[in-house]
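The values are calculated or read from the model by the stated rules, or taken from the named source; none is laboratory data. Computed from a prediction, not measured in an experiment: that's the story for all the values here. So basically every Cβ, Gly included, is an ideal-geometry build from the backbone, and we count neighbours across all protein chains shown. To get the accessible areas, we keep the full protein, side chains included, count just its heavy atoms, and leave off ligands, DNA and RNA. Shrake-Rupley method; radii C 1.70, N 1.55, O 1.52, S 1.80 Å.
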Amino acid sequence: MKAVKENKVYTITEQQRKAYVAQGFDITDDSGRIIEYAAGKTVPFAQYAAVLEENRRLKQQLAAGQTQSSNPKRKK
């Protein structure tokens, strides 16, 4: 397991995991997948607001698609 922060990468043990997370390191497995995110991470508000807007738009599209599929139009 590895602790990663900016350009620093340390090989750590399970016992060291909590200490590195508290110091702001992400914990990854040997293949690079994140196991645990660092404590205290934040997202800029503009990015958060953009994701909320996208989520709202996609939910509307999904609802519109479900309405159309549940009410098929008959051909005459």
Query raised in the report: Once Rg/Rh (Cα atoms, Kirkwood Rh) is worked out from the coordinates, which option in (i) 1.35; (ii) 0.91; (iii) 1.07 does it equal?
Result: (i)
Query raised in the report: Which value, in Å², gives the accessible area per residue of the range 8-57 when a 1.4 Å probe is used on the protein heavy atoms?
Result: 79 Å²
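For a quick check of your reading of the filter: which trypsin sites (Lys or Arg not before Pro) in the range 25-59 sit in a DSSP loop and have no more than 12 other Cβ atoms within 10 Å?
On the way: sites: 33, 41, 56, 57, 59; in loops: 33, 41.
Hits after loop and neighbour filter: 33, 41.
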Report task. Give the long-range amide H neighbours of residue 38: residues separated by 5 or more places, or on another chain, with amide H under 5 Å away, using H modelled in the peptide plane at 1.01 Å from N. Result -> 26, 27
Requested in this report: Evaluate the distance, in nm, between pseudo-label points positioned 7 Å from the Cα of residue 54 and of residue 39 along their respective Cα→Cβ axes.
Outcome: 3.0 nm
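I want the antiparallel fraction of DSSP beta bridges within the chain, as a percent rounded to 5. Spell out each step's value before the answer.
Values: 9 of 9 bridges.
If I count the DSSP bridges inside the chain, around 100 percent turn out antiparallel.
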Query raised in the report: So, in nm, how far is label residue 30 from label residue 12 when the simple model puts each one 7 Å beyond its Cα toward the Cβ?
Result: 1.9 nm
Query raised in the report: Which is farthest toward the positive dipole end of the chain among 34, 10, 63, measuring Cα position about the Cα centre, with Cβ charges +1 (Lys, Arg) and -1 (Asp, Glu)?
Result: 63
Query raised in the report: Ignoring ligands, DNA and RNA, what percent of the 1.4 Å accessible area of the range 1-54 is carbon and sulfur?
Result: 55 percent
**Report entry** Spatially proximal aspartates and glutamates relative to residue 2 (Cα-Cα < 13 Å; intrachain offsets below 8 disregarded)
**Finding:** 14, 26, 29, 30, 36
